[in-house]
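What follows is one structure encoded as structure tokens, with my remarks underneath.
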Amino acid sequence: MRSARNTLVLGTIFVVACNSAPRTISSAHLGREVAVIGPLEVPLGKIVTIDASIVEGDETRLKAYTGITLLSVNTVDGRLLPTPILIRWRPSFQVHEPDNWQWSQSHVRAIGFQNGEFIGAPDGLFDYVGPYATQSWFFEVYFEVLKVLPLTKDSEAQSSGSHP
């Protein structure tokens, strides 16, 4: 009987923990007292060098990526990731590119940082506006490219996920 009672208590605590409201934090603390870690396993806003393959979103067959260009990041600051990370990219206000470089190439080595924003429709939005096609509200992280670096044979191998 005693073990059944302990199970019931633990089950109740688990349910309460799952139904509790998310922890809140002031936006003033983000980036100063609290670092948000992005999918590239470094804090948002930290400038890094990446090696990546360029992927057309249509190739992923995911509706959210239709018509956009993505980066499949294999290395961050020379560290090979366990699996490539697919991330949207955005050019900075002024991207520095090597001569004769085109975004249509299949690989890129770039300096930039992860940034992010909330997009989509928050709960209750359609109580106030007419319906339209959108996504649920979520925080999206993207890679903001500051500078494109010339590729070397080592960086092309890293971009394709190979070990040098």
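The values are calculated or read from the model by the stated rules, or taken from the named source; none is laboratory data. Source: prediction; values computed, not measured. Cβ atoms come from the backbone with ideal geometry, glycine included; neighbour counts cover every protein chain shown.
Could you list, in sequence order, all residues of the range 136-164 that are in a helix (DSSP H, G or I) and either at pLDDT 90 or above or surrounded by 11 or more Cβ atoms within 10 Å (Cβ to Cβ) (or both)?
154, 155, 156, 157, 158, 159
Any residue in the range 51-66 that is on the phi < 0 side of the Ramachandran plot and outside any strand (DSSP E or B) sitting within a Cβ distance under 7 Å of a residue that is aliphatic (A, V, I, L, M) and surrounded by fewer than 16 Cβ atoms within 10 Å (Cβ to Cβ)? List the pairs, counting only those 6 or more apart or interchain.
From the range 51-66, the pairs are 57/68.
Restricting the search to the range 121-135, which residues are under 20 Å from the mean Cα position of the chain (by Cα), surrounded by 11 or more Cβ atoms within 10 Å (Cβ to Cβ) and at pLDDT 90 or above?
Passing the criteria: only 121.
Quick one: would you say residue 110 is under 20 Å from the mean Cα position of the chain (by Cα), at pLDDT 75 or above and of a type in the set (Gly, Ala, Ser)?
yes
If we keep just the residues of the range 67-81 that are part of a strand (DSSP E or B) and among the β-branched types (Val, Ile, Thr), which is surrounded by the fewest Cβ atoms within 10 Å (Cβ to Cβ)?
The residue in question is 69.
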